[in-house]
1. Please specify each residue of the stretch A:150-159 satisfying the condition of being more than 7 Å from chain B (Cβ to nearest Cβ) and either aromatic (Phe, Trp, Tyr) or touching a Ser or Thr at 6+ places or on another chain (Cβ under 9 Å) (or both).
2. Restricting to the stretch A:118-148, name every residue that is in contact (Cβ under 8 Å) with a residue 24 or more places away in the chain, assigned to a loop (DSSP other than H, G, I, E, B) and within 7 Å of chain B (Cβ to nearest Cβ).
3. Answer yes or no as to whether residue B:122 is on the phi > 0 side of the Ramachandran plot, more than 12 Å from every other protein chain (Cβ to nearest Cβ) and at pLDDT 95 or above.
4. Hey, among B:63, B:41, which residue is over 30 Å from residue B:217 (Cβ atoms), at pLDDT 95 or above, away from chain A (no Cβ under 14 Å) and buried (at least 23 other Cβ atoms within 10 Å of the Cβ)?
5. Answer yes or no: is there a residue in the stretch A:137-150 that is under 21 Å from residue B:157 (Cβ atoms) and small (Gly, Ala, Ser).
6. Would you tally the residues in the stretch B:35-75 being in a helix (DSSP H, G or I) and in contact (Cβ under 8 Å) with a residue 24 or more places away in the chain?
7. For residue A:38, are the conditions met, namely being touching an Asp or Glu at 6+ places or on another chain (Cβ under 9 Å) and modelled with pLDDT of 90 or more?
8. Can you name the residue in the stretch B:185-228 that is within 14 Å of chain A (Cβ to nearest Cβ) and of a type in the set (D, E, K, R) and, of all such residues, is surrounded by the fewest Cβ atoms within 10 Å (Cβ to Cβ)?
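The values are calculated or read from the model by the stated rules, or taken from the named source; none is laboratory data. On a predicted model such as this, the values are computed, not experimentally measured, just so you know. Positions of Cβ are backbone-derived with ideal geometry, glycine not excepted, and every protein chain shown enters the neighbour counts.
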Amino acid sequence: MSGRGGDVGNGQSDDDHELRVTKIRNGTVIDHVSGGLALTVLGVLGIDGSAGEVVSVGMNVPSDRLGRKDVLKIEKRELTQNEVDVLSLIAPEATINIVREYEVAGKHRVDRPEEVSGVLSCPNPDCITAGNEPVASTFDVLDEGVRCVYCETILGTDQADLIDHVDIG
Amino acid sequence: MGRHLLGAKQLSRADVERVLDHAAALDPGSSTDRRSGALLGLCFFEPSTRTRLSFEAAVKRLGGDAIDMGAIEASSVTKGETLADTVRVLGGYADALVLRHPSQGAARMASEFVSVPLINAGDGAGQHPTQTLLDLYTIRENVGLDGLNIGITGDLKYGRTVHSLSLALTNFDVSQYLISPESLRLPRSVRYDLDEAGASVTEHTDLESVLPDLDVLYVTRIQRERFPDEAEYRTVAGEYRIDAATLEDASDDLIVMHPLPRVDEIASDVDETSHAKYFEQASNGVTVRMALLDLALGGDGIFAEDDARSLAEWDDEDKRDERERNGGNQGDEREEER
């Protein structure tokens, strides 16, 4: 037992030693993502580096809490609430650190919402939301998945299930 | 419980019994003027015979009338109007709407755009709760609604009548035997709800093994388009076909039901047996929909708590209203406002 909190930016920790790759000046650090999911997180957030932003990714970093975790540092990007909602579905243990001028300006865990709206499209081609109706696709969040409130189709939060249906506007 | 009827999951035992009790108190084939002046809007975006006509018959037997948007081809839908706009407009013309639509979730979405009660008459492979109410009515009239073994067979995956019935049965002391090919088992969403409700459900691919235990056998059609080729369809559909010989192993008291239309999944020789209840089931459609519409058109919603008056009380009110009309009173303005 190390007795430490295990959060990036929380003083001198094993993680800091392991992750002293780049400190970002302004942006977001997403910590405590389950090991191996970093690229999925980037995928669902639509971050592929093509915009020129600096992105650092640590994968399968030792973690007291998760065993192995991934850490993402994204320069010049603060997540929107919709993005946080999606993140909460695939990485419910994640913590988000907002960094400004190299300092952690805000740190919070993602909250698993009861409902997400406008961030996922329904996988059911026969769902009423698949047409041009004036409603946002809305999902109830279940313990293991999300469920369209209109057609009631259940979508697992396995990355493969989810990534094809993320629709962050 | 609210003003709309969108799916069977929203139905409590008390809700079901309220509608069925109301229906049982109606005299089948009779007409009243209880809902005189009421207008029901029929919005059918899919072909329908029984459901559309039984709703129309029901509202007319209540003294009301129906307006019908007609065939899709002749409506503004062909101009690209959204369902939301269509129901918003028709909701302004009628006192309640009945909606059938090929898309799942259509009724739920439409209900967000109307202020009058909206009744789901089938939304794609989703739900068909009014069929369920008449199914339950038929079961109750024949064998009661508790202590039963009910088999449901056919296309459980896409069959909306099955989805609604299975969910509604969780309110009662019923063991469900779901009998289908592997490829047509209940969808994940319905299985999830059955699990959440703690339903007593077992799944089978073979009807013969469970048939002797059943009190009710609910048969649905396996459709050709669910299979990649004709040969496979014929093989599978043949395994679930019911005829008089099949039923020799069944209890004498077994009732066989079907939401109709049937093609050949129940052979015509079953019609002459005491098991066959599907035509009785179909004729119950008008009675049960009369009860449902009476509730929908008569108060603050189909299942609103403050609308829990018995049919006898409705009749008392009618008599009182008649007395008032005869006495020169201007009638029941409270009802007219709805």
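1. A:159
2. A:124, A:126
3. So residue B:122 fits the description; yes.
4. Of the residues listed, the single one that is over 30 Å from residue B:217 (Cβ atoms), at pLDDT 95 or above, away from chain A (no Cβ under 14 Å) and buried (at least 23 other Cβ atoms within 10 Å of the Cβ) is B:41.
5. yes
6. Within the stretch B:35-75, the first condition is being in a helix (DSSP H, G or I), and the residues that meet it are B:50-61, B:72-74.
Narrowing further to those that are in contact (Cβ under 8 Å) with a residue 24 or more places away in the chain: B:50-52, B:54-55, B:57-61, B:72.
Counting residues in the stretch B:35-75 that are in a helix (DSSP H, G or I) and in contact (Cβ under 8 Å) with a residue 24 or more places away in the chain gives 11.
7. yes
8. The selected residue is B:225.
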